[in-house]
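Engineer: Structure incoming, see below.
The values are calculated or read from the model by the stated rules, or taken from the named source; none is laboratory data. Nothing here was measured: the structure is a model prediction, and the numbers come from that model. As a convention, Cβ positions derive from the backbone with ideal geometry for all residues, glycine included, and neighbour counts pool all protein chains shown. Ligands, DNA and RNA are stripped out before the accessible areas are found, and what is left, the full protein with its side chains, is counted by its heavy atoms. Shrake-Rupley method; radii C 1.70, N 1.55, O 1.52, S 1.80 Å.
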Amino acid sequence: MWEYTDKVQEHFLHPHNVGEIEKPSGIGDVGSLACGDALKLTLKIEDDVIVDAKFKTFGCASAIASSSVLTIMVIGMTVDEAEKLTNDDIADYLGGLPKEKMHCSVMGREALEAAIADYRGVILPMAEGEVVCDCFGVTDLDVIRAIKESDLRSVEEITNFTKAGGGCGKCEDTLRDILQATISGIPVVPLTADGPKRMTTLQKIKKIEEVLEREIKPALKKDGGDIELVDVDGDFVMVSLRGACTSCAKSQTTLKEYVEKKLRELVLDTLIVEEAK
Amino acid sequence: MKCDPKDVIYMDNNATTRVAPEVVEAMMPFLTECYGNPSSMHSFGGQVSGSVEKARIQVAELIGANSKEITFTSCGTESDSTAILSALQAFPEKRHIVTTRVEHPAIKHLCENLDRLTGHKHRVTRLHVDSDGTLDLTQYEKALTEDTAIVSVMWANNETGVIFPVEKMAAMAKERGILFHTDAVQAVGKIPINLQELDIDFLSLSGHKLHAPKGVGVLYVKRGTPFVPFLAGGHQEDGRRGGTENVASIVGLGRACELAGETMEEENTRVRALRDRLEEGLLTSVPKSMLNGHKTDRLPNTTNISFEFVEGEAILLHMNIHNICASSGSACTSGSLEPSHVLRAMGVPFTAAHGSIRYSLSVYNTDAEVDFVLEKMPPIIAELRELSPFWKAE
């Protein structure tokens with residue numbers, strides 16, 4: 001029998017904000033019947049503030065309780081604040097979850113992210129990764145993120161947080177590799193290809209542009225900056241910084257620490273980003 | 001810790017059972033005054049061996065065996081391991097085992113780890129089951145080869161209660177000179193068994209499934225069957241199992257077997273009727289519910305029902321509020337992340353497997369308890385379905 005805190009029991013037996021908002025500003029639909037838990041989160045957002053949140057959850061006590069507290073936590077938050085919410089915040093609010101149940105809090109965070117992405121009209125990067133766990137449809141990016149965010153140190157912990165490896169167990173070796181690579185800071189070897197991924201320049205351009213649009217531009221725009229792709233030559237990516245970035249003293253740091261890192265993570269780990277003069 | 005059985009409605013008897021008061025009474029002297037070792041030369045200890053032998057006869061009588069064929073062990077799992085590993089050592093040249101996809105972990109995990117345990121490569125054929133949890137004998141016949149050392153098929157399934165035709169399967173194995181083991185942990189005490197007339201070489205049973213305490217089991221070994229002990233040690237159990245006898249529990253198991261013989265008819269009439277009423281009641285009062293397992297080829301005490309679009313752990317915790325004890329085949333309760341291997345082998349859809357509840361009754365259950373469960377279940381399921389994103393009320 002699981003040891004649940006009083007808070008989990010309370011929210012499981014008397015969940016708050018059950019239901020679906022009509023004409024929601026954002027919908028987050030994660031999990032599936034096959035996986036054993038699923039959460040549909042609907043948000044009502046006015047002037048970038050979450051004014052209402054409702055959920056429907058199929059799952060165990062901790063999944064229902066995590067969903068219930070998630071709605072309570074996000075109501076009143078701005079979208080930017082809500083975006084920073086982590087699964088640990090959800091688990092902490094519940095006074096902790098059994099370690100095998102941490103994936104329930106992760107599901108809450110994923111639903112929130114999906115709902116915010118839906119509100120903003122963007123596609124989540126996580127879906128872009130390579131599926132490593134076929135049983136539960138978990139991608140390498142999901143796994144890497146969980147390792148980083150929750151400081152995971154074993155395959156068992158990865159399973160507890162993401163469910164990856166909890167089915168047939170065939171991906172355990174892959175998970176171990178991802179874990180080691182992530183902890184040691186070495187870029188993760190692509191999973192499907194034999195050896196490093198080979199991409200044509202055209203493929204690279206397409207992929208780089210996707211990542212710029214989806215990930216990098218929105219982040220730079222927050223500070224009044226912008227970025228354009230100028231050219232791709234082999235592993236060299238030439239970009240041009242725009243707006244506030246042109247006069248920013250930290251623009252080189254942004255280029256290397258953020259843009260290059262992101263592109264290496266999401267496109268190809270050998271890319272080198274340079275500013276086109 | 002406080003446990004008051006009067007406070008609970010216990011419908012989880014395939015997990016474990018209440019120790020019968022008569023059994024406790026029979027055990028008490030051996031937990032207090034009669035603490036001697038049955039192997040001792042002095043009569044203070046030696047007289048205890050008489051009680052162990054009496055228990056051996058009581059067990060033998062329940063399953064139609066000779067008392068010489070009964071070896072006491074520590075649990076059903078030990079009995080299972082002993083039987084399989086004994087057969088593999090007795091026929092080292094044979095490297096094939098036939099079992100099913102729905103065995104208890106005691107057999108399932110053993111078969112998955114044989115290479116490590118024996119140092120040899122073994123081939124394991126795991127027979128498929130149909131959607132009602134039954135076995136196809138043509139498939140079984142095809143699986144038996146000259147290389148097959150042993151067949152291990154459970155008598156009755158712990159999750160669904162489905163009974164396998166082990167009598168016939170044992171005869172088919174015998175024709176081909178193959179040893180036959182059955183994990184009868186769920187069957188013994190619930191349905192009549194007469195091993196004298198059967199070709200079963202090994203049978204495992206467990207005390208705590210039939211109102212004896214935990215920590216005692218039996219391995220039946222048919223006379224003349226080659227046997228290699230699992231636990232080396234002293235000469236106890238005729239050299240078949242080293243280790244000082246768990247005297248009190250053995251005596252308790254003997255008494256429990258005697259009681260099971262007496263209540264067998266009640267189990268198959270009154271308990272069966274209670275189970276049927278519970279089952280029919282739930283299937284009629286809860287929409288989108290279904291029975292898992294064959295309707296008739298089944299233990300009299302077990303029913304496994306799926307409530308679609310809700311999850312088993314959540315159901316159990318709501319039942320727990322009303323002190324109703326049962327089990328689920330859902331992922332969240334299995335300790336893993338996938339629902340029960342038994343329901344998946346039967347092809348039960350995920351929508352239903354996650355929401356499966358097993359009710360397993362015993363002679364201690366009453367009509368009033370069934371009424372109470374029938375009253376409480378529909379609102380629990382309805383409440384959880386209100387929360388479910390997959391539920392669309394019709």
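Engineer: Quick check, is A:Glu156 in the same structural domain as A:Glu265 (by TED's automatic domain parsing), open to solvent by 40 Å² or more (accessible area, probe 1.4 Å) and either modelled with pLDDT of 85 or more or closer than 19 Å to A:Lys261 by Cβ (or both)?
Structural biologist: Here the answer is no, as A:Glu156 does not meet what is asked.
Engineer: Could you list, in sequence order, all residues of the range B:249-259 that are among the hydrophobic types (A, V, I, L, M, F, W, C) and open to solvent by 10 Å² or more (accessible area, probe 1.4 Å)?
Structural biologist: Residues satisfying the conditions are B:Val251, B:Leu259.
Engineer: Okay, moving on. For the range A:1-15, how many residues are surrounded by 17 or more Cβ atoms within 10 Å (Cβ to Cβ) and assigned to a loop (DSSP other than H, G, I, E, B)?
Structural biologist: The number of residues fulfilling the criteria is 2.
Engineer: Considering each residue of the range B:188-198, count those that are out of contact with any Leu (no Cβ under 7 Å at 6 or more places or on another chain) and crowded, with 18+ Cβ neighbours inside 10 Å, and give that number.
Structural biologist: Residues in the range B:188-198 being out of contact with any Leu (no Cβ under 7 Å at 6 or more places or on another chain) and crowded, with 18+ Cβ neighbours inside 10 Å: 2 in total.
Engineer: Check every one of the helices (runs of 4 or more DSSP H) wholly within the range A:83-164 and list those with 2 or more residues that are over 21 Å from A:Ala34 (Cα atoms) and in contact with a strand residue (DSSP E or B) (Cβ under 7 Å, 6 or more places away or on another chain). Outline the logic, then answer.
Structural biologist: Values: elements: A:87-93, A:102-120, A:140-150, A:155-162.
Where helices (runs of 4 or more DSSP H) fall fully within the range A:83-164 and carry at least 2 residues being over 21 Å from A:Ala34 (Cα atoms) and in contact with a strand residue (DSSP E or B) (Cβ under 7 Å, 6 or more places away or on another chain), they are A:102-120.
Engineer: Here is a follow-up. Which is at pLDDT 95 or above and not in a helix (DSSP H, G or I), of B:Thr71, B:Thr77, B:Thr82? Step through it out loud before you land on a result.
Structural biologist: Numbers: B:Thr77 fails: not in a helix (DSSP H, G or I); B:Thr82 fails: not in a helix (DSSP H, G or I).
None of the other options fit; the residue is B:Thr71.
Engineer: Sticking with this one: Give the residues of the range B:348-362 that are at pLDDT 90 or above and either touching a His at 6+ places or on another chain (Cβ under 8 Å) or surrounded by fewer than 21 Cβ atoms within 10 Å (Cβ to Cβ) (or both), sorted by residue number.
Structural biologist: The answer is B:Ser362, and nothing else.
Engineer: Just the residues that are modelled with pLDDT of 85 or more and out of contact with any Leu (no Cβ under 7 Å at 6 or more places or on another chain), please, taken from the range B:322-338.
Structural biologist: B:His322, B:Asn323, B:Ile324, B:Cys325, B:Ser327
Engineer: Take the residues in the range A:237-277 that are assigned to a loop (DSSP other than H, G, I, E, B) and at pLDDT below 80; name whichever of them is farthest from the chain's Cα centre (by Cα).
Structural biologist: Step by step, filter the range A:237-277, then rank; the result is A:Lys277.
Residue by residue, here is whether (1) surrounded by 17 or more Cβ atoms within 10 Å (Cβ to Cβ); (2) over 15 Å from A:Ala63 (Cβ atoms) holds:
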| site | (1), (2) |
| --- | --- |
| A:Thr78 | no, yes |
| A:Leu85 | yes, yes |
| A:His103 | yes, no |
| A:Arg109 | yes, no |
| A:Leu112 | yes, no |
| A:Asp118 | yes, yes |
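Engineer: Hey, any hits in the range B:286-295 for a residue that's under 30 Å from A:Gly165 (Cβ atoms) and more than 9 Å from chain A (Cβ to nearest Cβ)?
Structural biologist: yes
Engineer: Still on this structure, please answer the following. Give me a count of the residues in the range B:86-116 that are in contact with a Leu (Cβ under 9 Å, 6 or more places away or on another chain) and open to solvent by 20 Å² or more (accessible area, probe 1.4 Å).
Structural biologist: Going through the range B:86-116 one residue at a time, the tally reaches 5.
Engineer: Among what's in the range B:296-313 and is touching a residue at least 24 places away in the same chain (Cβ under 8 Å) and open to solvent by 10 Å² or more (accessible area, probe 1.4 Å), pick the residue that is farthest from the other protein chains (Cβ to nearest Cβ).
Structural biologist: This residue is B:Asp297.
Engineer: I would also like to ask the following. Pairs please, first residue from the range B:125-138 and not assigned by TED's automatic domain parsing to the domain that holds B:Lys94, second anywhere and open to solvent by 40 Å² or more (accessible area, probe 1.4 Å) and not polar (S, T, N, Q), Cβ atoms under 9 Å, 6+ apart in sequence or on different chains.
Structural biologist: From the range B:125-138, no pairs qualify.
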